[in-house]
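The values are calculated or read from the model by the stated rules, or taken from the named source; none is laboratory data. Because the structure is predicted, anything quoted here is derived from the model rather than measured. Reconstructed Cβ throughout: ideal geometry from the backbone, glycine too, with neighbour counts over all protein chains shown.
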């Protein structure tokens, strides 16, 4: 009998160790799977945001192609939202027009200065170029409790005058 109890106690310890190893392994696998899903969703949202930024840039180009005055009349530094209506793109100040699913898309215009001699774009000094604007397309969304914002900047010019 003495040997039976000694082996039985040892077997209980083995079972506890095996159960602990299996539990830790399952928890680790679940943690990796959860992180993988989060990273996958984040990559999916970033890809969607890239498409929305490009569509916003195309919307600004279409507004410019319709008439440069559509761009030049907009307030510098104000936030605009692209809206597709009546078969073309427009820029509005209504923030609800910028909502696309979980994303918010906004456009901000800035003035551009050029060097008087070289005619290169400069960040300070130079002369105001009324036929060029710096466009920033921003797409933001809520991801894991934090707001993620991606920006696309480009210059747009009055190429039809």
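Which is assigned to a helix (DSSP H, G or I) and either in contact with a strand residue (DSSP E or B) (Cβ under 9 Å, 6 or more places away or on another chain) or surrounded by 10 or more Cβ atoms within 10 Å (Cβ to Cβ) (or both), of 38, 81?
Working: 81 fails: assigned to a helix (DSSP H, G or I).
Unique residue meeting the criteria: 38.
For the stretch 102-111, check the following and say yes or no: at least one residue is at pLDDT 95 or above and more than 30 Å from residue 132 (Cβ to Cβ).
First, pick out the residues of the stretch 102-111 that are at pLDDT 95 or above: 102-111.
Pick out the ones that are also more than 30 Å from residue 132 (Cβ to Cβ) and you get 102.
The answer is yes; a qualifying residue exists.
Restricting the first residue to the stretch 9-20 and requiring it to be at positive phi and without any contact (Cβ under 8 Å) to a residue 60 or more places away in the chain, which pairs with a second residue that is surrounded by 10 or more Cβ atoms within 10 Å (Cβ to Cβ) and not in a helix (DSSP H, G or I) meet a Cβ separation below 6 Å and a spacing of at least six or different chains?
Between residues of the stretch 9-20 that are at positive phi and without any contact (Cβ under 8 Å) to a residue 60 or more places away in the chain and residues that are surrounded by 10 or more Cβ atoms within 10 Å (Cβ to Cβ) and not in a helix (DSSP H, G or I), there is no close pair.
Can you work out which of the residues in the stretch 134-148 that are out of contact with any helix residue (DSSP H, G or I) (no Cβ under 8 Å at 6 or more places or on another chain) and loosely packed, with under 12 Cβ neighbours inside 10 Å is farthest from residue 118 (Cα to Cα)?
By that ranking, first place goes to 145.
How many residues, within the stretch 149-161, are surrounded by 15 or more Cβ atoms within 10 Å (Cβ to Cβ) and under 21 Å from the mean Cα position of the chain (by Cα)? Spell out the reasoning first.
Of the residues in the stretch 149-161, the ones surrounded by 15 or more Cβ atoms within 10 Å (Cβ to Cβ) are 150, 152, 156, 158.
When the remaining residues are screened for being under 21 Å from the mean Cα position of the chain (by Cα), the result is 150, 152.
Total meeting the criteria: 2.
Within the stretch 96-133, which residues are in a strand (DSSP E or B), surrounded by 12 or more Cβ atoms within 10 Å (Cβ to Cβ) and in contact (Cβ under 8 Å) with a residue 40 or more places away in the chain?
Matches in the stretch 96-133: 100, 103, 105, 107, 112, 131, 133.
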